[in-house]
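K.L.:
Questions regarding the structure given below will be posed in turn.
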Amino acid sequence: MHGAELTDLPAREAVRLLSEGELSPLELIDAALARIEAVDWQVHAVPTLCAERARAAARRLMAAEPPEDRRGWLAGLPVLVKDLTDVAGVRTTYGSPIFAEHVPERSDILVERIEARGGIVLGKTNTPEFGAGANTFNELFGATRNPWNTALTCGGSSGGSAVALATGMAWLATGSDLGGSLRTPAAFCSVVGLRPSPGRVPHGPGPVPFQTLAVDGPMARDLRDLALFLDAMAGLDRGDPLSFEAPALSYTDTVGWPGRPVRVAFSPDLGGITPVDPEIARICRAAAARFAELGAEVEEAAPDLGEAVECFTTLRAALFVAGKAELLERHREALKPEVIWNIEHGLRTTAAEIGAAERARGRIQKATAAFFETRDLLACPTAIVPPFPVEIRYLEELGDHRFPSYVDWLAVTYAITLTGCPALSLPCGFTENGLPVGLQLVGPPRGEAALLQAAVALEDLLGLTELLPIAPRPG
């Protein structure tokens, strides 16, 4: 196969060929590097490469016996890692000038697991500073551009990973998600991304190991590849106190039998918590309605998420204080305004306000659990607008609604974060201008298996996966 043919392969097919000895990891490394050289100058998604480290890992893997347990086995497949996640010996900047030359000695638990299961880290993908914001730009590497129209944003904060996948620079890539950082770029770039339940994918070590807002998760071009990557990530790790065992049946096997949800709820705005562009609402409603072709009953409904905006704003600010307050004291002049705002908001927040937000989250969780007693799936837009010009830092208004902060146009995703439920973004169509639209699908608590089964059945019905990868399209 030629390099372009190799980068076009689904991840699971590349892994099969690696496992059978028909391809070597070194061939795939060379193919990915050639693709990155050919297209990344147009989109700026992969600012850091570690080719020699990858080749050394490939040679070690080729000389070793594969494990008996092949669950999640990547067999030497090159992967890309978001630049918020430490990789030992590789520059990891978190998108911040403060860490421009930072090279960690130890990898994050997530990276250790991926490498132990045969993944080879080839490079780091771009992210906004400390993952703050749903537009991927920073002072070190500039803006990552949407491959469907390079004048537009790719979303964030896992924008580099989404763009790398969409353009064939990666078969699999990691993302992370606090308020939609994995789901939004997946929607804007027409790839798939899963925000798993807290503890499903171990990560760390970090300064706040018991927080449950931010998680790591898999990103891919389609759900069957995503299931493979989730198998490589999921499971108990004693370095993460919230992690737990993987299910008895692998996610790869689970999606081999697409499920048919019986009861699907759709809401364009999650019960009115946010405005939504009418075209986005129409496309997502039409996609969700297609569950009826699978025999499901589709109704318009949502759990009570009315407290989500104030609750999330408070808890996010408190989390920024816990993890970043020291940076404000020592490097205020180097931080972008949105990071400063988050930390200062948290410092002004009282214990009583944090307590009220925690109680509100408890009510949201209770309402959502009750909602899923009579539904199998919740569907809604992943993003409330199509991709917008890359120069716009964040969406300030929609129609006559003005968002109070830079994160509030993301309420449709961060409200789901508060529930603790697994959620993914699935490509579901395109606007009249040819821009991708993502449908957010939410499963019951710890219900990744059921969510993936239902989502892959809709993915097959929609038939959009063969559109990738694409060459970047100038705006």
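The values are calculated or read from the model by the stated rules, or taken from the named source; none is laboratory data. This one's a predicted model, so the numbers in the text were calculated from it and none came from an experiment. Virtual Cβ from ideal backbone geometry, glycine too; neighbours counted across all protein chains shown.
K.L.:
Restricting attention to the range 50-60, does a residue exist that is modelled with pLDDT of 95 or more and buried (at least 22 other Cβ atoms within 10 Å of the Cβ)? Lay out the reasoning, then the answer.
P.N.:
Quick first cut of the range 50-60, residues modelled with pLDDT of 95 or more only: 50-60.
From what is left, the residues that are buried (at least 22 other Cβ atoms within 10 Å of the Cβ) are 54.
Checking the range 50-60: at least one residue is modelled with pLDDT of 95 or more and buried (at least 22 other Cβ atoms within 10 Å of the Cβ).
K.L.:
Consider A143 carefully, then state whether it is crowded, with 24+ Cβ neighbours inside 10 Å and among the small types (G, A, S).
P.N.:
No.
K.L.:
What is the number of the single condition among (1) in a helix (DSSP H, G or I); (2) modelled with pLDDT under 95 that G206 does not meet?
P.N.:
(1)
K.L.:
Only residues that are closer than 17 Å to A334 by Cβ and without any contact (Cβ under 8 Å) to a residue 24 or more places away in the chain: list them for the range 89-132, please.
P.N.:
Within the range 89-132, F99, E101, H102 meet the criteria.
K.L.:
May I pose another question? Looking at R200, R195, which one is surrounded by fewer than 24 Cβ atoms within 10 Å (Cβ to Cβ) and of a type in the set (D, E, K, R)?
P.N.:
Numbers: R195 fails: surrounded by fewer than 24 Cβ atoms within 10 Å (Cβ to Cβ).
On inspection, the qualifying residue turns out to be R200.
Condition check ((1) more than 21 Å from P128 (Cα to Cα); (2) aromatic (F, W, Y); (3) touching a helix residue (DSSP H, G or I) at 6+ places or on another chain (Cβ under 7 Å); (4) surrounded by fewer than 24 Cβ atoms within 10 Å (Cβ to Cβ)) across all residues:
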| residue | (1), (2), (3), (4) |
| --- | --- |
| V163 | no, no, yes, no |
| M169 | no, no, yes, no |
| G179 | no, no, yes, no |
| G217 | no, no, no, no |
| G239 | yes, no, yes, yes |
| P258 | yes, no, yes, yes |
| P261 | yes, no, yes, no |
| S267 | yes, no, no, no |
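K.L.:
Mind counting the residues in the range 381-422 that are of a type in the set (G, A, S) and crowded, with 24+ Cβ neighbours inside 10 Å?
P.N.:
The qualifying residues number 2.
K.L.:
Right, something else. So D269 clears everything in (1) in a helix (DSSP H, G or I); (2) within 24 Å of L462 (Cβ to Cβ); (3) acidic (D, E) except one condition, right? Which one?
P.N.:
(1)
K.L.:
If only one of S161, S176 is in a strand (DSSP E or B) and either at negative phi or out of contact with any Phe, Trp or Tyr (no Cβ under 8 Å at 6 or more places or on another chain) (or both), which one is it?
P.N.:
Just a single option satisfies the conditions, and that option is S176.
K.L.:
Go through the range 105-154 and report how many residues are acidic (D, E) and either at positive phi or part of a helix (DSSP H, G or I) (or both).
P.N.:
Residues flagged as acidic (D, E) and either at positive phi or part of a helix (DSSP H, G or I) (or both) within the range 105-154 amount to 3.
Conditions tested, residue by residue: (1) closer than 19 Å to T85 by Cβ; (2) among the polar types (S, T, N, Q); (3) at pLDDT below 95; (4) in contact with an Asp or Glu (Cβ under 9 Å, 6 or more places away or on another chain).
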site	(1), (2), (3), (4)
R221	no, no, no, no
R224	no, no, no, yes
L230	yes, no, no, yes
P241	yes, no, no, no
T254	no, yes, no, yes
P258	no, no, yes, yes
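K.L.:
Considering only the range 367-475, give the strands (runs of 3 or more DSSP E) lying wholly within it that have at least 1 residues that are among the hydroxyl-bearing types (S, T, Y) and in contact with a helix residue (DSSP H, G or I) (Cβ under 6 Å, 6 or more places away or on another chain).
P.N.:
423-430
K.L.:
Identify, from the list G159, G119, G123, G76, the residue that is of a type in the set (G, A, S), modelled with pLDDT of 95 or more, more than 20 Å from the chain's Cα centre (by Cα) and surrounded by 24 or more Cβ atoms within 10 Å (Cβ to Cβ). Give the steps one after another, and end with the answer.
P.N.:
Working: G159 fails: more than 20 Å from the chain's Cα centre (by Cα); G119 fails: more than 20 Å from the chain's Cα centre (by Cα); G123 fails: more than 20 Å from the chain's Cα centre (by Cα).
Residue meeting the stated conditions: G76.
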